[in-house]
Amino acid sequence: ILTNYKQGTIKNQINKTNNAVKNITGKYPTLVRAPGGSFNSTVKSSVKYPLIQWSVDTLDWKNRNAKSVVSAVKGNVKDGSVILMHDLYKSTADATKTIVPWLKSQGYQMVTVTELMQIRGYDLNAGQVYYSGYKK
């Protein structure tokens with residue numbers, strides 16, 4: 001949780017993470033989702049990337065129930081939503097088997113956060129927090 005640290009440690013953690021991602025994918029990240037979604041003024045001033053939050057929290061980490069995850073998405077998603085789900089739970093993976101076809105049937109298109117923000121005309125700025133790609 002970055003809010004527990006001073007600026008130097010935060011920068012070091014972000015740099016180590018970015019280097020690890022680069023070593024695996026060949027590209028540096030351009031956005032940050034702070035661990036646990038926790039941020040404060042120190043985090044915002046230390047992270048030289050846009051901070052991405054979410055507008056739909058499935059609480060998959062808490063309930064670990066595929067039906068609950070599906071229900072959270074169906075009950076809260078709208079055009080421009082950023083949906084928070086974690087890739088380490090089988091229940092979340094199972095939920096995506098229902099969610100993705102349902103979203104497509106409703107006319108939604110799955111895109112990256114970067115693509116969503118570009119489509120919506122957002123200029124992403126370092127240290128600013130974004131929750132969704134809802135129309136301005």
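Once Cα extents along the principal axes in Å is worked out from the coordinates, which option in (1) 45, 33, 30; (2) 53, 38, 30; (3) 57, 38, 29 does it equal? Matching the structure shown: (1). Per residue, the accessible area of the range 57-128 comes to 63 Å², computed with a 1.4 Å probe over protein heavy atoms only. The aspartates and glutamates within cross-link reach of Lys74, meaning a Cα-to-Cα straight distance under 18 Å and a gap of 8 or more places when in the same chain, are Asp57, Asp60, Asp94. Spin-label model, Asn63 to Lys16: label points 7 Å out along the Cα-to-beta-carbon direction sit 3.5 nm apart. Share of carbon and sulfur in the accessible area of the range 31-136 stands at 50%, probe radius 1.4 Å. Taking every DSSP helix (H) stretch of at least 4 residues in the chain, weighting each as -39,500 (n - 2.57) and dividing the sum by the residue count yields a mean residue ellipticity at 222 nm of -14000 deg cm²/dmol. Angle of helix 90-105 to the longest C-alpha principal axis of the chain, folded into 0 to 90 degrees and rounded to 10: 70°. If R0 is 22 Å, the Cβ-Cβ spacing of Asn40 and Leu124 corresponds to a FRET efficiency of close to 0.65. Extension gain for the segment Thr98 to Asn76, taken as residue separation times 0.36 nm less the Cα-Cα distance, is 6.4 nm to one decimal.
Solvent-accessible surface of protein heavy atoms, probed at 1.4 angstrom with all chains present, puts Val100, Val73 in the order Val100, Val73, largest first.
The values are calculated or read from the model by the stated rules, or taken from the named source; none is laboratory data. As the structure is a prediction and not an experimental result, all values here were calculated from the model. Cβ: placed from backbone, ideal geometry, glycine included. Neighbour counts: every protein chain shown. Keep in mind that these areas ignore ligands, DNA and RNA; they rest on the heavy atoms of the full protein, side chains included. Shrake-Rupley method; radii C 1.70, N 1.55, O 1.52, S 1.80 Å.
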